[in-house]
Amino acid sequence: MKLVKTISGVLGAAVLSPLLLTGQAYAATGQQIADLANANQGKMACDTNSLGGLYFLSSCTGNGGRPEYWCADFAKWVWMNAGGINTANLTPAARSFYSYGAGAGTLSNTPHVGDAAVFSDTNSAADIDHVGIVTAVNSNGTVAIQNGNYGGQDGDQAHFAGTSRVVPTTINATVGTYSSSQGYYLVKYVRPVGVTEAVASKADLLRVNGDGSLTVWQNNDALAGRWNAPVNAGNIGTTEQFRSKLGDLNGDGNADLIRVNADGSLTAWRNNDALSGAWAAPATVGNVGGGDATRVRLTDLNGDGRADMVVVNMDGSMTAWQNNGVLAGGGWSAPRTIGNVGTTDQNRVRFGDLNGDGRDDLVRVNADGSLTAWQNNNALAGSWAAPGTIGNAGTANATRVRLGDLNADGRDDLIRMNDDGSLVAWRNNNALAGSWAAPSTIGNAGTADPSGIEFADLG
């Protein structure tokens, strides 16, 4: 997921040195807002929220020390705590969200994940009665809303608010329509000020050569077979190509480089301008607990734009470390088990965003070349959708199969490297439903060895 770009520095692989960075805060994405809203489903006005604090702002106490109507409290709390969102002038009144959007110029008829949706029982902007958070925009013309202060028992304000919960609904996405589940007309969508727009990026091709040097082809319309001329992009300092990993560690939209060392320690180079061979000085960013680099994956599991780390264990279980800002000294979260991929062959495990929601899904390449996928529901909590067969890569050699977004539509395409180094790609039409475009040859990696081949946006 591309956000912004960075500058300067040179890759020097031979010597480890500390990486001195000042942290840079990035605003929340719409998906992060939705995730936080969803994490509080079922909570009540006086409950401990998902972040461990009391209530949702004044939800429990705003009515003379008793619960108040708290849909706006909930929506504001979500925006505030997702990170980097300007919530100035929002109050416990739902109508403040409409005023906020009018003042900021962010009122819209088009929904985005993370927006506030404002409602009226009279379909009037002058009479806003309710607000909820948009958590999904569906292809069938509906949106999912997470509503605070929903479904309370009849009675005075304190009784209704004190018995209501955070409840999801699915409604017609068209502004001006009445929703029976909401009991209101949908008036407008309000985009939060400061939200980060996720801009998809095109995966470039990186080859780690036998001497550790890096060759990069920039994607110039890869699905049509067009790549820029290859360039030398530095050296990773090892002849074992399989130790190289690419992943965006700091959420700037460009893939950084990691080397998994023989003792399990991790050496990282921040991407300053990799296509020109510019990387920051190397830094040690943790230890994966073992030197088998073939078991290590870098993949964004929670849609925050930063690559988390996954190890595929010998029994097929997967251990994940959430990226808390490793390049800025934030480190990794404690390891957690996030499921089992059903194979003891780690080479069959891939991750890629198959549906464009910003979170990488899980793919297993089976012995007959067929692909089994698990959609990422909330992977860091071990929540995946039921597995489904989504196609066939046409090879039993899983080491030749890759995923990468070749056309910047936000969805990873399927790539197979043949024995002669040629590359075959299937554009992702709707991969989780098994829909891919016809295969096409898109170039040649110039090697018969797939171990040093990766696809990621390098700039």
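The values are calculated or read from the model by the stated rules, or taken from the named source; none is laboratory data. Note that the structure is a prediction, hence the values are computed from the model and not measured. For neighbour counting, all protein chains shown are included, and Cβ atoms are generated from backbone atoms with ideal geometry for every residue, glycine included. What goes into the accessible areas is simple: the full protein's heavy atoms, side chains included, and nothing from ligands, DNA or RNA. Shrake-Rupley method; radii C 1.70, N 1.55, O 1.52, S 1.80 Å.
A compact table of results
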quantity: Rounded to 10°, Cα long-axis angle of helix 95-104 versus longest principal axis of the chain; calculated: 50
quantity: Cut-off 14 Å between beta-carbons: net charge of the residues surrounding Leu257, Lys and Arg +1, Asp and Glu -1; calculated: -2
quantity: Cα-based equivalent ellipsoid, the chain: semi-axes from gyration tensor eigenvalues, Å; calculated: 43, 23, 20
quantity: Helix 30-39 vs. the chain, principal-axis angle (Cα, 0 to 90°, nearest 10); calculated: 60
quantity: Disulfide-incompatible cysteines by the Cβ rule (no partner under 4.7 Å) in the chain; calculated: Cys71
quantity: ³J(HN,Hα) computed for each position of segment 269-276 - Karplus, 6.51 cos²θ - 1.76 cosθ + 1.60, integer Hz, glycine/proline x; calculated: 10, 5, 6, 8, 6, 4, 5, 9
quantity: Rounded, prolate or oblate (a/c below 1.5 giving rounded, otherwise prolate when a/b exceeds b/c) for segment 204-456 by Cα gyration tensor; calculated: rounded
quantity: Net charge dipole size for segment 204-456 [Lys, Arg +1 and Asp, Glu -1 on Cβ; Debye, nearest 20]; calculated: 220
quantity: Per residue Cα convex hull volume in Å³ - calculated over segment 159-250; calculated: 248
quantity: Given charges at beta-carbon only (K, R positive; D, E negative), |dipole| of the chain in Debye; calculated: 160
quantity: Ala93/Ala438 FRET efficiency (R0 60 Å; Cβ-Cβ; nearest 0.05); calculated: 0.65
quantity: Largest-first ordering by accessible area, 1.4 Å probe, given options Met80, Met314, Met309, Met44; calculated: Met314, Met80, Met44, Met309
quantity: Note, ³J(HN,Hα) from phi for segment 336-342, Karplus 6.51, -1.76, 1.60, rounded to Hz, x at Gly and Pro; calculated: 9, 7, 10, x, 9, 8, x
quantity: Full-extension gain in nm, Thr122 to Asp211, via 0.36 nm per residue minus C-alpha separation; calculated: 25.0 nm
quantity: Principal axis dimensions, segment 30-190 - Cα atoms, whole angstrom, descending; calculated: 38, 34, 30
quantity: Span from the segment 249-263 Cα centroid across to the segment 325-387 one, whole angstrom; calculated: 17
quantity: Accessible surface, per residue, of segment 120-216 when the full set of protein chains is kept, probe 1.4 Å, Å²; calculated: 39
quantity: Percent accessible area from carbon and sulfur atoms, the chain, protein chains only, probe 1.4 Å; calculated: 48
quantity: At most 13 other Cβ within 10 Å, DSSP loop - chymotrypsin sites (Phe, Trp or Tyr not before Pro), segment 131-195; calculated: none
quantity: Tally of Lys pairs whose C-alpha atoms are under 22 Å apart, taken over the chain, 8 or more apart or cross-chain; calculated: 7
quantity: Most positive-pole-ward Cα, Gly382, Asn302, Ala433, against dipole of segment 204-456 from beta carbon charges; calculated: Gly382
quantity: Cα-based shape type of segment 201-252, given that a ≥ b ≥ c are square roots of the gyration tensor eigenvalues and the cut on a/c is 1.5; calculated: oblate
